[in-house]
């Protein structure tokens, strides 16, 4: 009887651990994988995991989880806070007490997708993959951000890609880099860009 109780306890504990690990693994995979936002109509945007057919058209490797481009210049990892890299400019001084101007939300990616497609035409496809979570320093305060890789495809097939820092709370674009435009043969270039809070050079710099 005692042996049965020990075996049952061991099996139950193993199931609990396996279930917990499985959930954590699924969350990590789901967060790092490509997600597609499709502007169906002027006011409706749907989102779902990027399909193999879409990935082929957008030159996306669904198995590749690491960054496809280099990191933006003038920054370096300094520390880790709550699983996030603390990114600073060279010689940037850190405040003794770091207060934060925003709070991360689980739906930041959905907010980002809605914001990017807000002023673009229906049938525009937006593919987004989170690369990592980070913290930057703005005017002495911390700001939670998500580093993402973005690929946009217009209804005519024009492709536009870039990397960006996105506010972890409201999904707004903070900074972009590595912008690339791929034009179909014989088509005239037409620049597509994400919407958000922009400065004189097109984006807000931190």
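Here residue 38 passes the criteria (1) part of a helix (DSSP H, G or I); (2) surrounded by 10 or more Cβ atoms within 10 Å (Cβ to Cβ); (3) at pLDDT 85 or above except the one numbered (1). Could we say that residue 118 is at pLDDT below 95 and closer than 19 Å to residue 58 by Cβ here? It is false that residue 118 is at pLDDT below 95 and closer than 19 Å to residue 58 by Cβ. Condition check for residue 47 on (1) under 17 Å from the mean Cα position of the chain (by Cα); (2) at pLDDT below 90: one failure, at (2). Inside the range 91-132, residues that are in a loop (DSSP other than H, G, I, E, B) and exposed (fewer than 15 other Cβ atoms within 10 Å of the Cβ) make up a count of 18. Within the range 164-188, being modelled with pLDDT of 95 or more and either within 9 Å of the chain's Cα centre (by Cα) or not in a strand (DSSP E or B) (or both) holds for 164, 165, 166, 168, 169, 170, 171, 172. Checked against the criterion of being surrounded by 20 or more Cβ atoms within 10 Å (Cβ to Cβ), modelled with pLDDT of 95 or more, farther than 21 Å from residue 55 by Cα and touching a helix residue (DSSP H, G or I) at 6+ places or on another chain (Cβ under 8 Å), the range 136-150 has at least one qualifying residue.
The values are calculated or read from the model by the stated rules, or taken from the named source; none is laboratory data. It should be emphasised that the depicted structure is a prediction, and the values quoted were computed from it without experimental measurement. Heads up, the Cβs are rebuilt from the backbone with ideal geometry, glycines too, and the neighbour counts pull from every protein chain shown.
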